[in-house]
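Report on one structure; see the data block that follows.
The values are calculated or read from the model by the stated rules, or taken from the named source; none is laboratory data. What you see is a predicted model; the values in this text were computed from it and never measured. Note that we place each Cβ from the backbone using ideal geometry, even for glycine, and neighbour counts take in every protein chain shown. Just the protein is used for accessible areas: all its heavy atoms, side chains included, with ligands, DNA and RNA removed. Shrake-Rupley method; radii C 1.70, N 1.55, O 1.52, S 1.80 Å.
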Amino acid sequence: MHLQAQEGLMSTFRTGWRSRSAVAYGLSLLLFAFYISMYFGGQYGLPDLWQPLAEAVGLRSKWFVYGLVYTVWMLIGAAWYLRQHGNSRYNQARIGVNVAVQVVLGFTLPFVMPLFGGTEYYFSYFWPLKYDYLYPHTMWSLPWYLALYGVVMAVFTAPLAAVFFGKRWYCSWVCGCGGLANTFGDPWRHLTSSSTASWRFEKYAIHAVLGLAVVSTGVIAMHQMGMGEGTLLVPIAQQTKIWYGFVVGSILSGVIGTAVYPVLGPRIWCRNFCPMAALLGMSQKLGRFRIRVKKDMCISCGNCTTYCEMGIDVRAYAQRNQSFTRSSCVGCGMCAHVCPRGVLRLENGAWEQAEDKQLQGLSIIDY
Amino acid sequence: MRIVVVGNGVAGMEAALAVRRRDADATITVVSEESDHFFSRTALMYVLCGQLSHRCIEPLERGVYERLRLTRVRARATGLDPEARLLTLADGRTLAYDRLLIACGSRPRPAPWPGSGLRGVGHFVTLQDLAWLEAELHGQQSEPRPPNEWAHLSVSAADSPYGRREVAAETRGRTCGSPLVIGGGLIGIEAVETFLAAGRSPHFVIREDRFWPNPISAAESAWVAEALRGHGALVHLDTHVESMVGDGRGNVDRVVTDKGPLDVDCVVVAIGVVPNTEWLGEAVERDQSGGIVVGDDLQTSAPGVYAAGDCASVRWFDGQRRPEQLWYTGRDQGRVAAQALLGDDVRYRRSTWYNSAKLMDIEYTTAGLVGLDLPGESEWFYEETGAVKSTTRIVSRDGAVIGFNFLGRRWDHEVLIRWINERRSLAWVLDHLGAARFDTELVPPLVIPAAAR
């Protein structure tokens with residue numbers, strides 16, 4: 001009915017499975033078990049449950065079983081999300097697009113294209129998130145236009161779009177990881193830590209992973225282009241490929257990133273480890289996206305900070321009357337949506353005053 | 001310099017932080033009877049309904065007191081000797097100061113009716129009120145209290161608003177099923193909203209013939225009442241409470257009004273707040289409302305003693321002095337008081353009035369002079385229906401806009417106030433209204449048809 005109001009107050013903290021009860025930990029364990037069996041089944045002496053199932057139901061590989069489960073979780077989560085926050089037009093549009101991208105580009109096209117002799121290609125994932133799309137071996141195996149698409153999107157279009165619209169164009173409207181966090185993971189968004197310590201960890205961790213992504217891609221590319229034959233580069237590149245894939249690709253983005261939803265909140269991967277988020281965050285910081293704060297109207301209630309899935313202490317800025325851009329902000333719009341005084345608004349546009357952009361960190365003395 | 005701040009609320013804490021920002025060496029002591037940690041009183045309702053946790057409404061990390069060397073004293077201040085510059089605490093200790101800031105806030109206006117002392121009758125203003133209502137509604141407190149939550153109980157006076165209250169649900173053996181809220185103001189509607197969120201259908205007893213009669217008009221008020229009733233509240237307008245009757249075991253059982261009795265098992269009295277200043281006696285000058293009389297530099301009648309926030313009677317835009325019970329004015333006063341404490345020549349100035357609120361799920365913004373029935377004023381009103389329901393009320397006088405009242409949409413009061421100060425005409429304002437819009441993205445703009453102008 002009212003486009004900008006919560007439809008009645010939420011009872012988030014009175015719901016056990018959303019408040020780190022035993023049930024929440026149990027759910028988390030189930031997710032861990034699912035991810036370990038999915039990623040490592042058939043290795044390390046673990047039974048391979050999913051590949052035989054995939055073949056039995058005609059889904060080709062276990063990754064399409066995973067893709068199907070993922071998409072279904074997202075659809076269920078989207079229904080939950082729209083029931084909770086669906087009175088907001090921004091939320092409707094954002095979740096609608098995000099789910100459509102997952103269904104079409106994240107699952108259907110990659111599954112269907114090979115049936116017609118095409119390539120299995122994920123149009124909604126780019127380097128450095130989809131790190132192998134810039135490996136020379138991958139690019140040579142793709143039709144030239146897909147290889148070119150991958151390069152242009154990764155190094156030009158995606159960062160540039162983040163300069164103009166913020167990283168939200170990707171992290172909250174397109175990306176499947178973000179999409180799962182915002183739908184299936186939405187019931188736990190308030191569990192993300194907003195402590196200074198968690199912010200400090202995020203800043204080191206996410207830029208470290210971006211550095212690793214750049215270096216590992218460089219080393220692997222040199223190796224695949226035939227450089228350094230007979231030198232240490234070869235074993236280093238081979239080991240880098242294995243370990244980056246294992247640690248970042250499997251453990252951080254898959255197992256940990258999703259399985260801890262019910263305990264630590266839904267954006268652990270996006271906030272702390274995703275190299276794409278780090279890259280787009282830098283672009284965002286240079287660009288036009290910001291959260292605008294209405295002057296002297298904040299009542300410091302903490303709804304914005306609590307419901308920020310990225311752990312940004314939005315309230316700290318709001319009570320200082322400071323419009324701001326944080327590189328981690330994925331522009332989900334929830335802070336503005338839950339604000340009972342309408343203090344916050346997401347904006348793309350030129351900064352009005354030079355000083356607006358100066359003080360974007362919070363000094364120790366000011367909270 | 002020894003600075004003592006009485007009150008760990010927004011005015012006191014803002015002042016303490018601002019003093020520390022300027023002066024690394026001052027000894028800063030913050031005295032509070034209510035809580036160990038600064039919290040946002042405006043957010044108590046969100047904790048009661050479960051939308052936020054107790055920790056969520058603390059705007060600062062708990063380490064801030066240690067990091068900024070703010071010494072906390074958890075006790076009730078009971079007396080002030082301005083000659084000797086000594087503050088007395090309930091446990092008999094005294095605190096010596098060079099500069100004192102009194103920022104001890106408001107307390108709920110006591111219920112005047114017979115039977116108001118029954119178990120199950122209380123207010124919704126303090127952390128202790130929250131704990132009481134949580135117990136009445138949910139049977140148990142939702143999470144562990146902050147450390148030393150009740151440490152002050154031994155020193156608390158019988159009439160303290162920060163004392164622990166007996167819970168009717170405990171003696172009854174069941175949680176509250178039929179609550180009643182008295183008082184058609186903001187705390188009243190918040191209490192009603194939390195009862196609705198907890199699945200109860202509260203009675204809402206309002207003395208006036210409509211909800212919140214001064215700030216909003218009859219049409220605006222009718223919309224809020226409709227929202228209240230639509231969500232299940234039982235709104236009783238133009239209804240006067242006469243007494244409260246117990247069940248024979250000390251629990252409240254019935255509220256008798258001039259329109260008849262209502263069966264209840266929990267009553268929230270929300271008929272306003274008064275400055276929490278009785279403890280000061282004659283130490284500083286107070287006005288009839290109990291507010292501490294301060295000059296524009298927030299200094300009281302006693303040298304070196306300042307007051308800020310709800311307990312201070314400051315000068316309003318209309319030139320009169322009275323307490324200003326708002327969150328952000330408390331914060332502003334705290335900042336000004338900090339400068340005064342450090343010896344600056346400062347003035348607290350409140351310019352054009354503005355405020356915002358959320359009435360159920362309807363957003364409210366006001367700026368300037370509205371609802372005062374000034375001679376010669378005229379009103380323009382537009383009710384939007386469709387995808388967005390909203391009302392726009394603009395008051396003009398002598399050809400210039402002097403006030404705005406909005407329901408259902410978000411507006412930037414800064415722009416509205418600028419227009420008022422620039423003495424813009426109604427026609428000009430209607431042409432430019434879009435520039436003051438603060439709606440979230442993709443909300444369709446307010447389009448005023450030519451016929452309505």
Each residue of the range A:167-179 in turn: what ³J(HN,Hα) in whole Hz from Karplus with 6.51, -1.76, 1.60 and θ = phi - 60°, glycine and Pro shown as x? 6, 4, 3, 9, 5, 10, 10, 10, 4, x, 5, x, x
Where does the Debye-calculated log10 I(q)/I(0) of the range A:209-287 sit at q = 0.26, 0.27 Å⁻¹, using only Cα point scatterers of equal weight, no solvent? -1.11, -1.15
Candidate cut points under chymotrypsin sites (Phe, Trp or Tyr not before Pro) in the range A:14-99, DSSP loop plus at most 15 other Cβ atoms within 10 Å of their own Cβ, are A:Tyr44
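Exactly which trypsin sites (Lys or Arg not before Pro) in the range B:280-354 are in a DSSP loop and have at most 13 other Cβ atoms within 10 Å? Spell out each step's value before the answer.
Numbers: sites: B:Arg286, B:Arg315, B:Arg321, B:Arg331, B:Arg335, B:Arg347, B:Arg349, B:Arg350; in loops: B:Arg347, B:Arg349, B:Arg350.
Here the sparse-neighbourhood loop sites are B:Arg347, B:Arg349.
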Could you tell me how far the Cα centroid of the range B:106-123 sits from the Cα centroid of the range B:62-82, in Å? 29 Å
Relative to a virtual label point 7 Å from the Cα of B:Glu61 in the Cα→beta-carbon direction, which members of the range A:311-325 show backbone nitrogen distances below 19 Å? A:311-320
Computed about the Cα centre, the charge dipole of the range B:296-453 from +1 Lys/Arg and -1 Asp/Glu charges at the Cβ has a magnitude in debye, to the nearest 20, of 60 debye
Check which residues have an amide H placed less than 5 Å from B:His236's amide H, if you skip close sequence neighbours. B:Phe204, B:Val205, B:Ile206
For A:Lys295, give me every one of the lysines with a C-alpha distance below 23 angstrom, ignoring sequence neighbours fewer than eight places off in its own chain. A:Lys285, A:Lys357, B:Lys358
Can you list, bin by bin at 10 Å, the percent of alpha carbon pairs in the range B:355-397, starting at 0? 23, 49, 25, 3
Kindly identify the range B:215-374 as rounded, prolate or oblate by the Cα gyration tensor criterion: order the square roots of the eigenvalues as a ≥ b ≥ c, call it rounded if a/c is under 1.5, otherwise compare a/b with b/c, prolate if a/b is larger, else oblate. oblate
Roll a 1.4 Å probe over the protein chains and send me the accessible area per residue for the range B:354-452 in Å². 39 Å²
The range A:284-358, Rg to Rh (Cα coordinates; Rh as Kirkwood inverse mean 1/r): 0.92
Those residues in the range B:399-447 that give up at least 50 Å² of accessible surface, probe 1.4 Å, once the partner protein chains are present instead of the chain by itself are B:Arg410, B:His413, B:Phe438, B:Thr440, B:Glu441, B:Leu442
Tell me, what HN-Hα J-couplings in whole Hz come from the Karplus equation 6.51 cos²θ - 1.76 cosθ + 1.60 at θ = phi - 60° for each residue of the range B:68-81, using x for Gly and Pro? 9, 6, 9, 7, 9, 10, 9, 6, 8, 7, 10, x, 9, 10
Hey, how many Å between the Cα centroid of the range B:227-266 and the Cα centroid of the range B:268-343? 35 Å
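Using a probe of 1.4 angstrom, how much of the accessible area of the protein assembly as shown is carbon and sulfur, in percent? Display every interim value, and only then the final one.
On the way: 18310 of 31740 Å².
After summing per-atom areas, the C and S share lands at 58 percent.
For the range B:110-269, what is the Kirkwood hydrodynamic radius in Å, using each pair of distinct C-alpha atoms? List each step's numbers first, then the result.
Details: mean 1/r = 0.0614 Å⁻¹.
Here the Kirkwood hydrodynamic radius works out to 16.3 Å.
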Could you run the Karplus curve 6.51 cos²θ - 1.76 cosθ + 1.60 with θ = phi - 60° over the range A:151-164 and give me ³J(HN,Hα) per residue in whole Hz, x for Gly and Pro? 5, 4, 4, 5, 9, 10, 5, 4, x, 5, 4, 5, 5, 8
Over all pairs of different Cα atoms in the protein assembly as shown, the reciprocal of the mean inverse distance gives a Kirkwood radius in Å of 29.3 Å
If amide H atoms are modeled at 1.01 Å from N in the peptide plane, then the residues at a separation of 5 or more from B:Arg286, or on another chain, having amide H under 5 Å from its own are B:Val293
Quick test of your reading: applying the under-4.7 Å Cβ rule, which cysteines of chain A are isolated? A:Cys171, A:Cys175, A:Cys177, A:Cys270, A:Cys274, A:Cys298, A:Cys301, A:Cys308, A:Cys329, A:Cys332, A:Cys339
Note on chain A: the mean projected area of its alpha-carbon convex hull, in nm², is 20.8 nm²
Given H placed on each backbone N at 1.01 Å, which residues far from B:Val314 in sequence or on other chains put an amide H within less than 5 Å of it? B:Arg322, B:Glu324
Could you list, by residue number, the cysteines of chain B that have no other cysteine's beta carbon within less than 4.7 Å of their beta carbon? B:Cys49, B:Cys56, B:Cys104, B:Cys311
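Accessible area lost on pairing A with B, both sides, 1.4 Å probe, Å² to nearest 100? The partial results should precede the final answer.
Details: alone 17080 and 19660 Å², together 31740 Å².
So the buried area, both faces added, is about 5000 Å².
Taking only the C-alpha atoms, wrap a convex hull around chain B and report its volume per residue in Å³ as a whole number. Mind dumping the intermediate values first?
Details: hull volume 73.1 nm³, N = 453.
Here the figure is 161 Å³ per residue.
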Please give the residues of the range A:154-177, grouped as numeric ranges, whose backbone N is less than 17 Å from a label point set 7 Å along the Cα-to-Cβ vector of A:Arg288. A:157-170
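What is the range B:354-452 by shape, rounded, prolate or oblate, if you read a ≥ b ≥ c off the alpha carbon gyration tensor as root eigenvalues and call it rounded for a/c under 1.5, prolate for a/b larger than b/c, and oblate otherwise?
Details: a/c = 1.57, a/b = 1.41, b/c = 1.12.
Since a/c reaches 1.5 and a/b is larger than b/c, the shape of the range B:354-452 is classed as prolate.
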Taking the Cα centroid of the range A:72-111 and of the range B:363-428, what is the distance between the two, rounded to the nearest whole Å? 39 Å
Setting aside same-chain residues fewer than 8 positions from A:Lys241, which lysines have a Cα under 24 Å from its Cα? A:Lys62, A:Lys130
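Above 21 angstrom, tally the Cα pairs of the range B:319-397 and express them as a % of all pairs, no decimals.
Values: 1529 of 3081 pairs.
That fraction is 50 percent.
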For the range B:43-62, list whatever residues lose no less than 50 Å² of accessible surface once every protein chain is in place, relative to that chain by itself, with the probe at 1.4 Å. B:Tyr46, B:Gly50, B:Gln51, B:Leu52, B:Cys56, B:Pro59, B:Glu61
Projected area of the range B:293-336, taken from the Cα convex hull and averaged over every viewing direction, in nm²? 2.8 nm²
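Which chymotrypsin sites (Phe, Trp or Tyr not before Pro) in the range B:298-345 pass both tests, a DSSP loop state and at most 15 other beta-carbon atoms within 10 Å? Could the numbers behind the result be given before it?
Details: sites: B:Tyr306, B:Trp316, B:Phe317, B:Trp327, B:Tyr328; in loops: B:Trp316, B:Phe317.
Within the range B:298-345, the qualifying chymotrypsin sites (Phe, Trp or Tyr not before Pro) (loop, at most 15 other Cβ atoms within 10 Å) are B:Trp316, B:Phe317.
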